[in-house]
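Remarks on the structure that follows.
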Amino acid sequence: MNTHFDLLLRGGLIVTGAGVRRGDVGVRGEEIVAVGADLPVDNATEAIDISGKLLLPGVIDAHVHPVYVDDVADCARIGAYGGVTTLLHFAPARTGESLLQKVEEMRSDAEARSVLDFGLHGALFDSPRQLAEIPQVMGLGVRTFKFFMAYVKQGWNTDDYHLVKAMDVLQEHGGMAMIHGENGGAVDYLEDKILAQPDASALDYNRSRPDILEEEAIFRALRLSELVGCPLYIAHVTTARSLPHIRRAHREGQRVFAETCSHYLTLTQEVMAELGAQAKIGPPIRAASDRAALWEAVCDGTLQVVSTDHAPKLRDLSRPFLEQPFGAPTIETLLPLVHDEGVNRGRISLVRMVQVLCENPARVFGLYPRKGTIAVGGDADLVVFDPSREFTIRAENQHSNALYSLYEGRTVLGWPEMSFQRGRRVLWDGEVVAQPGQGRFLPTLESQTEPLNV
């Protein structure tokens with residue numbers, strides 16, 4: 001082989017959604033140009049021996065909210081520390097705002113300041129007024145749009161009329177609906193009944209957002225999307241009660257994709273007693289039995305994507321729990337936690353981990369095979385992961401502006417050592433060395449029709 005390599009990664013254990021093998025990966029420019037055993041080192045400008053390490057595709061976090069204490073530049077930098085190389089951000093259009101304008105603003109901001117490649121989802125907080133903008137936004141390369149079935153009191157809710165209308169528009173134009181599945185009216189009633197009481201605390205939180213209300217909303221969204229033939233992406237599934245409905249939709253051939261998040265796989269509701277409002281996330285972190293069911297669903301393909309819902313906000317813990325905002329910093333620990341809790345504890349294989357963190361997000365959002373795998377012709381988005389490195393997570397060694405972690409003091413086995421995006425160094429010697437503005441906007445395409453890996 002006479003091919004010249006700008007970068008040669010040698011002797012690693014290459015993990016893709018198709019399997020595991022020991023070998024080398026050669027990169028020229030921004031692309032992978034060779035994958036094989038004993039590639040010629042003399043042909044490489046830079047050769048790095050990664051023996052004993054895992055070589056993974058760059059992780060894709062498909063669920064990021066860069067509009068709170070971490071903006072688009074922060075989220076990219078934070079994710080890069082954890083082995084993420086591609087982000088899919090939600091561009092929210094609040095009440096009275098233009099969806100088109102917000103998408104254009106976020107794209108421009110991220111193109112100027114992101115160190116990582118990125119795509120965008122639209123998020124509609126004022127659906128009756130914003131639905132008309134969907135075709136224009138899709139023309140910008142954004143094909144996925146989120147609707148909140150919860151948050152009636154906040155004014156963010158999309159009622160059934162406008163949800164069906166949105167789904168009808170999206171199926172006509174080749175897009176996909178995304179939903180936050182909780183019954184908003186019932187949640188608001190329980191908040192008024194339970195959390196608005198003077199003695200309410202974090203320990204009452206799960207009673208105000210029970211699993212049955214997530215189950216009901218997901219079932220309703222499945223039936224409405226079936227009605228009009230719209231592809232559906234169910235964000236942050238948290239409960240065992242929702243899973244039979246998703247499995248039925250898959251059996252019946254409905255185009256439904258479902259994700260869960262790392263905190264639902266690694267924590268239980270007992271964290272509320274320890275962290276209180278810092279662990280206030282919507283939907284809530286649930287019981288150990290739900291966590292076990294979610295791992296089974298990740299393993300069997302019911303849940304095809306694991307993401308973060310990174311949405312950190314500052315808390316004033318002296319204020320009543322009901323007044324505290326939702327969200328937590330999670331993006332930096334996505335890969336290490338799924339590896340430690342999933343692979344190290346025998347819940348999933350290395351191959352399955354790569355499927356749900358890399359390949360399936362790329363397939364669902366039309367980025368595969370450019371992203372999500374290690375193959376000739378694909379972008380050289382690569383993570384060198386040391387499975388033997390112990391790392392203790394502490395707020396002081398994390399990089400979110402939230403200044404706390406849900407995993408304070410937890411030690412994991414396995415941590416990213418270096419990463420590359422399109423052949424350029426991103427994570428190197430424990431620091432992010434990529435420059436702001438290196439990230440590129442990725443138009444999302446229609447999801448692939450072949451079955452995802454299970």
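Please arrange 147, 365 by counting, for each residue, the other beta carbons lying within 10 Å of its beta carbon, fewest first.
The order, fewest Cβ neighbours first, is 147, 365.
Using a Förster radius of 41 Å, what is the FRET efficiency between residue 108 and residue 289 based on their Cβ-Cβ separation? Nearest 0.05, please.
The calculated FRET efficiency here is 0.35.
Helix by helix, which DSSP H runs in the chain go 30 Å or more along their axis at the Cα atoms and have an average Kyte-Doolittle hydropathy of 0.0 or more?
Qualifying helices, which must be both long enough and hydrophobic enough, do not occur.
Cα-based count: Lys pairs in the stretch 59-364 below 30 Å, eight or more positions apart or different chains?
16
Quick one: which residues, 5+ away or cross-chain, put their amide H under 5 Å from the amide H of residue 178? H built at 1.01 Å from N.
Under 5 Å from the amide H of residue 178: 145, 146, 147, 233.
Given H placed 1.01 Å from N in the peptide plane, which residues other than close sequence neighbours of residue 236 have an amide H under 5 Å from its amide H?
For residue 236, whose amide H was placed from the backbone, the distant partners under 5 Å are 259.
So how far, in whole Å, is the C-alpha centre of the stretch 166-215 from the one of the stretch 254-314?
15
Could you pull the Rg and Dmax for the stretch 65-130, using just the Cα atoms, both in Å?
Radius of gyration, then largest Cα-Cα span, for the stretch 65-130: 12.2, 39 Å.
Before anything else, pin down the relative contact order of the chain: Cα pairs under 8 Å, at least 6 apart, normalised by residue count, whole percent.
Once normalised by length, the contact order is 22 percent.
Just how far, in whole angstrom, is the stretch 216-243 from the stretch 56-87 if you go by their alpha carbon centroids?
26
Straight-line reach only, C-alpha to C-alpha below 14 angstrom: list the aspartates and glutamates that residue 53 could link to, leaving out same-chain residues fewer than 8 apart.
24, 386, 390, 417
What net charge do the residues around residue 330 carry, taking every other residue with its C-beta under 10 Å from that of residue 330, with Lys and Arg at +1 and Asp and Glu at -1?
Cβ neighbours under 10 Å give a net charge of -3.
Let me spell out the model: positive unit charges on the Cβ of Lys and Arg, negative unit charges on the Cβ of Asp and Glu, origin at the Cα centre of the stretch 70-178. What dipole size does that give, in debye rounded to 20?
Dipole size: approximately 120 debye.
What list do you get for 309, 188, 74 if you sort them by fewest beta carbons within 10 Å?
188, 74, 309
Give the value in nm², to one decimal: projected area of the alpha carbon convex hull of the stretch 285-440, averaged over all directions.
For the stretch 285-440, the mean projected area of the Cα convex hull comes to 11.2 nm².
Two-decimal Rg/Rh of the chain from alpha-carbon positions, Kirkwood Rh?
0.96
With θ set to phi - 60° and the Karplus curve 6.51 cos²θ - 1.76 cosθ + 1.60, what are the ³J(HN,Hα) couplings of the stretch 59-71 in order, to the nearest whole Hz, using x for Gly and Pro?
Working through the residues one at a time gives 6, 10, 8, 8, 8, 10, 10, x, 10, 10, 6, 10, 8 Hz.
So for the chain, taking the charge dipole from beta-carbon charges (+1 Lys/Arg, -1 Asp/Glu), which of 374, 324, 397 sits furthest toward the positive end?
Final value for the positive-end residue is 374.
About the Cα centre of the stretch 317-454, how large is the charge dipole given +1 on each Lys and Arg Cβ and -1 on each Asp and Glu Cβ? Please answer in debye to the nearest 20.
Computed charge dipole of the stretch 317-454: roughly 220 debye.
Size of the dipole of the chain about the Cα centre, Lys and Arg at +1 and Asp and Glu at -1 on the beta carbon, nothing else charged, in debye to 20?
Value, rounded to 20: 540 debye.
Quick check: net charge around residue 228, other residues with Cβ under 14 Å of its Cβ, Lys/Arg +1 and Asp/Glu -1?
So the surrounding residues net to 0.
Give or take rounding to whole Å, what are the principal axis extents of the alpha carbon atoms in the stretch 263-330, in descending order?
On the principal axes, the stretch 263-330 reaches 43, 21, 15 Å in Cα extent.
Values quoted throughout were computed directly from the atomic coordinates according to the rules given, and no laboratory measurement underlies them. The structure displayed is predicted, hence computed values, not measured ones. Every residue, glycine as well, gets a Cβ built from its backbone with ideal geometry; the counts of neighbours run over all protein chains shown.
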